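Values in this text are rule-based calculations from the coordinates and carry no lab data. Every value quoted in this text rests on a predicted model; they were computed, and no experiment measured them. We place every Cβ from the backbone using ideal geometry, glycine too, and count neighbours over all the protein chains shown.
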Amino acid sequence: MKDSTIKTGLFYHEYCLWGRSYKSSPLAYNQMNWMQPFANNEFGASSASCVRRFKSLIDVSGMNEFLFSYSAPPITYNDAARVHTQEYLNDFIELSKNEGGELGLQAPFGPGGYQIALLSAGQAKAAVHQVMDGSLNRAYAVCVPAGHHALPDKAMGATYLANSSIAAKYALENLGAKKVAILDWDVHHGNGTQAIFYNDNKVLTISMHQDNCFPINSGGIEEQGNREGLGFNINIPLLPGCGHDEYLYALRTIAIPALRTYKPDLIIIGSGYDASTFDPLGHMQLHSQSYREMIESIVAVAQDVCHGKWLSYMKEAILSIMFPFVH
């Protein structure tokens, strides 16, 4: 039964999982031609089987009874241009019409990649809209491909459009938000989010990540913002092997005090699950209880500083073992 006092939204679109992170003939695959890609690229930033397992567990566990579910439309070109250059977007469009390509470090994509990235960002934008206008109190958006490595002028690390940054800009420019906070606890540094808002004090960016994991030489504590943004970018690099206690300590002694001081109108959580002990690329030791306690801490601070307005979006999760059950 849905709680009429606390409305939680789930934003998910199956087409987001139909992308390929490699080039191929446009005749072999087009996401609008009802030809689901073969599951031969499951080891990537976010494997389709992993995300589908998450959605399946939501469905069969009965959690849907407590959620308002949506499949949001894609964002527009102009939405993407809030944070990305026209040259980058035009190149992305052109390559997506053909066999795909690569527009940045470790960021190949196949035919239709641009349309799928628009759709992924659309889930974040719609979630922000409904939280800010009061239709929902909080939301969870499945944004695949993720976006926190995407730079204004290039893709990076299997991310192509900066989902959370686009959503934050939308909240600031269209929904009346004066300040937005983005907290990213993916195992990798949120370098794209940092770059987009590095000179901006309207967005507080906080990244908790494994030190010097990806990108290399990015995410140090000395990177604190510039100009008007000085002091509004916080990096919390953690040593490989850190787990539950270290993450909760860093969250409660650094990130949450910063959120309370900043007092944003909206909190956006970039919830990558690759800090899990099961992740084959990172070297952190989080488990399901870790993520639960981290979110509970965010719920509490959001209630105090922004009338409970917060949303989380799924980012990297490679193996389906990361979702053995709904917690």
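Evaluated with a Cβ-only charge set (Lys, Arg +1; Asp, Glu -1), the chain carries a dipole of roughly 640 debye about its Cα centre, given to the nearest 20. Comparing 111, 264, 215 in a Gaussian network model of the chain where C-alpha atoms under 10 Å apart are linked, the largest mean-square fluctuation is found at 215.
Of all the options 193, 261, 76, the one that moves most in a Gaussian network model of the chain with Cα springs shorter than 10 angstrom is 261.
How would 82, 227, 52 line up from fewest to most surrounding beta-carbon atoms within 10 angstrom?
On the way: 82 19, 227 9, 52 16.
Result, fewest neighbours first: 227, 52, 82.
Highest GNM mean-square fluctuation among 166, 116, 93, for the chain modelled with Cα contacts below 10 Å: 93. Straight-line cross-link partners of residue 263 among the aspartates and glutamates, defined as a Cα under 12 Å from its Cα and at least 8 positions apart when in the same chain: 304. Among the helices of the chain, those built from whole DSSP H runs whose Cα atoms reach 24 Å or more along their own axis and whose mean Kyte-Doolittle hydropathy is at least 0.0 are 113-132, 288-305.
Starting with the fewest neighbours, write out 288, 69, 271 ranked by other beta-carbon atoms found within 10 Å of each beta-carbon.
On the way: 288 15, 69 12, 271 24.
By the 10 Å Cβ count, ascending: 69, 288, 271.
Could you tell me whether the chain comes out rounded, prolate or oblate from its Cα gyration tensor? Rule is a ≥ b ≥ c as square roots of the eigenvalues, rounded for a/c under 1.5, then prolate if a/b exceeds b/c, otherwise oblate. Note, shape of the chain comes out rounded.
Neighbour counting of Cβ atoms within 10 Å sorts the residues 97, 154, fewest neighbours leading, into 97, 154.
So what is the calculated 222 nm ellipticity per residue for the chain, using -39500 (n - 2.57) for each DSSP H run with n of 4 or more, over all residues, to the nearest 500 deg cm²/dmol? Provide the component values of the computation, followed by the final result.
Values: 9 runs with 99 residues, N = 327.
One gets -9000 deg cm²/dmol as the mean residue ellipticity at 222 nm.
Here is the list for the range 218-322: GluC sites (Glu not before Pro) lying in DSSP coil, each with at most 10 other C-beta atoms within 10 angstrom of its C-beta, are 222. Structure note, pairs 55/178; 125/154; 7/202; 55/202; 7/154; 7/179: Cα-Cα distances above 30 angstrom occur for 55/178; 55/202; 7/154.
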